[in-house]
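Asker: Okay, handing you the structure first.
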Amino acid sequence: MATSTFPSVTVSGEIKLGQFLKLAGLVEDGAEARIAIQSGDVTVNGEVETRRGHRLTDGDVVVVDLPSGAAGAVVSAS
């Protein structure tokens, strides 16, 4: 999957997966992030990630499988 298909979301320092999902607008709130992650609907660099506290790094591609289709974003460290 090409990273250019997803927007870059700039973060300063480290960010956890749950926080990034909210920042990128991929989920509405923390509860939705938790449900999506625990349900196995979130991948980081193509691998299913079930830990909300997973720390993301520059260039990571995060994709959420939503009912409306897949949505994603690329982590861009400032």
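The values are calculated or read from the model by the stated rules, or taken from the named source; none is laboratory data. This is a predicted model, so every value here is computed, not measured. Here the Cβ positions follow ideal geometry from the backbone for every residue, glycine too, while neighbour counts run over all protein chains shown.
Asker: Check whether at least one residue in segment 15-36 is assigned to a strand (DSSP E or B) and either without any contact (Cβ under 8 Å) to a residue 60 or more places away in the chain or more than 18 Å from Pro67 (Cα to Cα) (or both), and report yes or no.
Answerer: yes
Asker: If a residue has to be in contact with a Leu (Cβ under 8 Å, 6 or more places away or on another chain) and either farther than 22 Å from Gly13 by Cα or surrounded by 14 or more Cβ atoms within 10 Å (Cβ to Cβ) (or both) to count, how many in segment 33-54 make the cut?
Answerer: Residues flagged as in contact with a Leu (Cβ under 8 Å, 6 or more places away or on another chain) and either farther than 22 Å from Gly13 by Cα or surrounded by 14 or more Cβ atoms within 10 Å (Cβ to Cβ) (or both) within segment 33-54 amount to 9.
Asker: Shifting gears a bit: Just one of Val75, Val63 is more than 16 Å from Ser12 (Cβ to Cβ) and touching a Leu at 6+ places or on another chain (Cβ under 9 Å); which is it?
Answerer: Val63
Asker: Assess whether Glu49 counts as being touching a strand residue (DSSP E or B) at 6+ places or on another chain (Cβ under 9 Å) and acidic (Asp, Glu).
Answerer: For Glu49, the condition - touching a strand residue (DSSP E or B) at 6+ places or on another chain (Cβ under 9 Å) and acidic (Asp, Glu) - is met.
Asker: What's the number of the condition Leu66 fails, among (1) modelled with pLDDT of 95 or more; (2) surrounded by 12 or more Cβ atoms within 10 Å (Cβ to Cβ); (3) out of contact with any Lys or Arg (no Cβ under 7 Å at 6 or more places or on another chain)?
Answerer: (1)
Asker: Give me a count of the residues in segment 9-34 that are among the hydroxyl-bearing types (Ser, Thr, Tyr) and at pLDDT 95 or above.
Answerer: 1
Asker: In segment 58-65, is there at least one residue being part of a strand (DSSP E or B), under 20 Å from Thr5 (Cβ atoms), in contact with a strand residue (DSSP E or B) (Cβ under 9 Å, 6 or more places away or on another chain) and not hydrophobic (A, V, I, L, M, F, W, C)?
Answerer: Scanning segment 58-65 turns up at least one residue that is part of a strand (DSSP E or B), under 20 Å from Thr5 (Cβ atoms), in contact with a strand residue (DSSP E or B) (Cβ under 9 Å, 6 or more places away or on another chain) and not hydrophobic (A, V, I, L, M, F, W, C).
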